[in-house]
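Colleague: I'd like to ask some things about the structure below.
The values are calculated or read from the model by the stated rules, or taken from the named source; none is laboratory data. The shown structure was predicted, so the numbers you read here are calculated from the model rather than taken from an experiment. Counting neighbours? That spans all protein chains shown, and the Cβs are built from the backbone with ideal geometry, glycine included.
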Amino acid sequence: MTQAVKAVPSRTAPAVRLTGVSKMFGSGGTALLALDQVDLDVSPGEFVCLLGASGCGKSTLLNLVAGLDGPSAGTIDLGGARVALMFQEPALFPWLTVTANLELALKMRGVPRQDRRDRAAELLDSVHLGGFARKRPHQLSGGMRQRVALARALALTAGADDHGTVLLMDEPFGALDAMTRDLLHDEIERIWRERGLTVLFVTHNVREAVRLGDRVVLLSSRPGRVVREFPVPMARPRRIDSPEVASLAASITDRLREEVGRHGA
Ligand SMILES: Nc1ncnc2c1ncn2[C@@H]1O[C@H](COP(=O)(O)OP(=O)(O)OP(=O)(O)O)[C@@H](O)[C@H]1O
Ligand SMILES: [Mg+2]
């Protein structure tokens with residue numbers, strides 16, 4: 001029997017609280033239950049990684065938290081936090097320079113014109129791309145584009161207290177080579193810590209989840225439910241190839257395999 005275990009008891013109000021969240025797509029004979037009564041709390045400043053088989057509803061869950069779609073049942077409480085979503089593809093405007101992409105996001109957030117250039121420069125510095133402001137996306141490497149996408153996601157939360165910002169990341173580094181991904185792990189960890197962000201991070205990569213998360217949440221195969229939560233006790237920064245990370249990742253992988261197998265059966 002599976003059981004949802006709350007790993008991180010919190011005295012403060014959660015930054016994100018999902019209560020009994022279900023999502024049904026379609027209706028009648030073609031209806032598909034993607035998420036089934038998901039309960040999940042994410043504490044302010046917590047880094048939570050979400051793992052689960054392909055099609056179990058991870059992206060659906062992020063979209064619901066981002067407010068791009070509504071749940072069929074249950075509630076999602078963000079306590080007034082501002083949400084930024086980052087996808088696997090950087091989705092930058094190819095005809096705009098890096099700076100212009102960021103300035104557009106800042107404009108959408110109502111940042112006054114005279115402040116946008118400075119804010120964009122600050123954001124670019126924070127992802128170590130200060131020298132690339134005038135480049136267009138196609139002139140950057142994949143890893144650099146993802147860093148711009150991260151800066152843009154942060155731009156979309158401009159004006160919000162960083163401590164009230166929830167960053168949702170849907171397999172943001174899935175398409176990158178291992179070395180670039182390692183560098184971006186260091187960077188996202190630094191930005192998360194410096195800004196006090198709350199992060200909900202979806203990945204297929206179990207080691208990546210253990211490298212980054214305070215907690216790893218495992219969803220069941222469709223319909224997605226929280227089947228297990230693994231606190232990650234190792235000190236940061238962790239190395240993705242350390243024995244401690246590998247060992248916890250191995251036991252999570254075993255549990256994930258059971259889930260995939262259960263679905264296959
Ligand atoms: N807009 C939609 N309309 C109908 N069905 C959808 C829609 N979005 C997702 N689904 C279905 O809901 C289920 C969950 O999809 P979702 O994209 O959330 O999975 P996922 O866990 O993110 O998978 P992956 O790991 O492959 O990205 C899938 O069966 C998918 O076909
Ligand atoms: Mg997905």
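Colleague: Pick out the one residue from ALA235, ALA246 that is more than 15 Å from ligand 1 (Cβ to nearest atom), closer than 26 Å to LEU183 by Cβ, modelled with pLDDT of 95 or more and assigned to a loop (DSSP other than H, G, I, E, B).
Modeller: Only one candidate passes the filter, namely ALA235.
Colleague: List, please: which pairs have Cβ atoms under 8 Å, are six or more places apart or on different chains, and start with a residue in segment 58-84 that is touching a residue at least 12 places away in the same chain (Cβ under 8 Å) and part of a loop (DSSP other than H, G, I, E, B) and end with one that is within 16 Å of ligand 2 (Cβ to nearest atom) and charged (D, E, K, R)?
Modeller: Short answer, once both residue conditions are applied: ASP69/LYS23; PRO71/LYS23; SER72/LYS23.
Colleague: Of the residues that sit in segment 150-166 and are modelled with pLDDT under 85 and not hydroxyl-bearing (Ser, Thr, Tyr), which one is nearest to ASN101 (Cα to Cα)?
Modeller: LEU156
Colleague: Does segment 120-142 hold any residues that are closer than 18 Å to ASP186 by Cβ and surrounded by fewer than 18 Cβ atoms within 10 Å (Cβ to Cβ), and which are they?
Modeller: Of everything in segment 120-142, those that are closer than 18 Å to ASP186 by Cβ and surrounded by fewer than 18 Cβ atoms within 10 Å (Cβ to Cβ) turn out to be ASP125, HIS128, GLY130, SER141, GLY142.
Condition check ((1) within 16 Å of ligand 1 (Cβ to nearest atom); (2) at pLDDT below 95; (3) crowded, with 20+ Cβ neighbours inside 10 Å; (4) more than 21 Å from THR198 (Cα to Cα)) across all residues:
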{"position": "LEU40", "(1), (2), (3), (4)": "yes, no, yes, no"}
{"position": "ALA53", "(1), (2), (3), (4)": "yes, yes, yes, yes"}
{"position": "THR75", "(1), (2), (3), (4)": "no, no, no, no"}
{"position": "ASP118", "(1), (2), (3), (4)": "no, yes, no, yes"}
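Colleague: Condition check: over 18 Å from the mean Cα position of the chain (by Cα), without any contact (Cβ under 8 Å) to a residue 60 or more places away in the chain, surrounded by 15 or more Cβ atoms within 10 Å (Cβ to Cβ) and more than 16 Å from ligand 2 (Cβ to nearest atom). Does ARG238 satisfy that?
Modeller: Yes; evaluated as a whole, the condition is true for this residue.
Colleague: Regarding GLY213, is this residue more than 16 Å from ligand 2 (Cβ to nearest atom), closer than 22 Å to PRO44 by Cβ, small (Gly, Ala, Ser) and surrounded by fewer than 19 Cβ atoms within 10 Å (Cβ to Cβ)?
Modeller: No; evaluated as a whole, the condition is false for this residue.
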